[in-house]
1. When you have a sec, figure out the Kirkwood radius of the chain from all distinct Cα pair distances and drop it here in Å to one decimal?
2. If I take every Cα pair under 8 Å that is 6 or more residues apart in the chain, average their sequence separation and divide by the length, what percent do I get for the relative contact order?
3. Once Lys and Arg get +1 and Asp and Glu get -1 on their Cβ, which of Val261, His229, Thr271 lies farthest toward the positive end of the dipole of the range 224-287?
4. Please work out the FRET efficiency for the pair Asn87 and Arg29, using the Cβ-Cβ distance as r and a Förster radius of 41 Å; give the result to the nearest 0.05.
5. Over the range 230-358, what relative contact order in percent results from Cα pairs under 8 Å that are six or more residues apart?
6. Nearest 5 is fine: what % of DSSP beta bridges in the chain come out antiparallel, could you say?
7. List Ser154, Ser259 from most exposed to least, where exposure is judged by having the fewest other Cβ atoms within 10 Å.
8. Simple spin-label model, 7 Å along Cα-to-Cβ: Ser66 to Ala140 in nm?
Amino acid sequence: MPAAAGPRRITLLGATGSIGRSTLDLVGREPERFRIESMVAGRDLAGLVAAARSFRPARAVLADPSLHGALKDALAGTGIEAAAGPNAVLEAAAAPADLVVAAIVGAAGLGPTLAAVHAGLPIALATKECLVAAGRLFMAAAARHKARVLPLDSEHNAIFQGFEAGNAAAVERIVLTASGGPFRTATVAEMARATPEQALKHPNYAMGSRITIDSATLLNKGLEVIEAHHLFGIPGDRIDVLVHPQQLVHGMVAYGDGSLVAGLAAPDMRTPIAHCLNWPDRGRAPTRRLDLGEIGTLTFEKPDLVRFPALGLAYRALAAGGGASAVLNAADEIAVAAFLDRRIGFLDIARLVEATLDRASAAGLFAEPADLDAVAMVDAQARRLADEILPHLAAKTG
Ligand SMILES: NC(=O)c1ccc[n+]([C@@H]2O[C@H](COP(=O)([O-])OP(=O)(O)OC[C@H]3O[C@@H](n4cnc5c(N)ncnc54)[C@H](OP(=O)(O)O)[C@@H]3O)[C@@H](O)[C@H]2O)c1
């Protein structure tokens, strides 16, 4: 990362979200070290305006072009440039900065994050969908444009730190931990009746709704397995998932000499965010310090792929390669939105993803996408397939 003379200039993609707010919390504590250069959000006008007025970036951008006038009016007289629309988002993402925190949710984050990669900017990557939907293209572009990708997801950040401590070539396996979500001990019958309110109760983290539902199905862990494969170049059959309800160990790296290097921290995203903001130095984060003597017991269990089939579907998509992971992600975005709308039940999320994977495979969508347009095409077709299957599941639920 280039050593800037003044504060590190941060571009924040997804400024109004959970990761965005945690990043702003850290930046606000150390204005002499960090400055927000650009902030980008989707359509939360009030949230972006409040953040912009408080952090005074050079520009504030919304993806929704219909909000341009309102954003301009709200920021009039502040000296902050107001812009809106997809092109404005891409321009902000590629504008000069010392670090881009990529935290837009969903496949919508791919284009802006890639724009930053093409500009050769260092990326702190929260938007795992970039790697799930287009991992090979994304990492190849990062290598070509010399854009450093720092893993911000807590599990990958812990593993990244474990890699740094050792020799990457000697790594045998990596392990991602999962809380197990709110239904870790639930029966299938209980999960069949689960409401969005119950599924949104993550035991350890307050996060955006999509990742929270994905944590309840364990699909989030599956997306993270795919993310880890692309970040660390480890094949899926050497990436393990362990359920660890306390979520204090986030990731582990197993070396050929039998060493297992584990990364521990309180479950607070400000720790991995602070690691990325300060890398390669170490900074500070106002998070709870772990007193293991006080905590006493850490427990681990193997994931139950019968009650949580979504995790197995992610391994299947990773093994299939090509466009399969983009299909997995697109189908899941449709399924989670339908569940939150109460159109399908909780168990239907995995059913919809599986049925979409089956249909997409038969339709030839698992071929390796040659470029980003091909990824967008797979994404759109997978959404169409999922939309077609959805009413059949909805009819059974209703
Ligand atoms: N939350 C966590 O603890 C956590 C941990 C690890 C990884 N992640 C990953 O980080 C990403 C963000 O998660 P989150 O929990 O922070 O999500 P979130 O709270 O739902 O926030 C999403 C952010 O993305 C913005 N956005 C949505 N669509 C957009 C678009 N088309 N263009 C520009 N911005 C758009 C939203 O803006 P509006 O508010 O204006 O819609 C919001 O700022 C996800 O990929 C997630 O998997 C999150």
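What follows draws every value from the coordinates through simple rules; no lab data is involved. This structure is a prediction, so every number in the text was calculated from the model and none was measured. Here the Cβ is made from the backbone with ideal geometry for all residues, glycine too, and neighbour counts use every protein chain on show.
1. By the Kirkwood definition, the hydrodynamic radius is 21.5 Å.
2. So the answer I get is 14 percent.
3. Thr271
4. 0.80
5. So the answer I get is 20 percent.
6. Expressed as a percentage, antiparallel bridges in the chain total about 30.
7. So the ranking, lowest neighbour count to highest, is Ser259, Ser154.
8. Result: 3.8 nm between the two label points.
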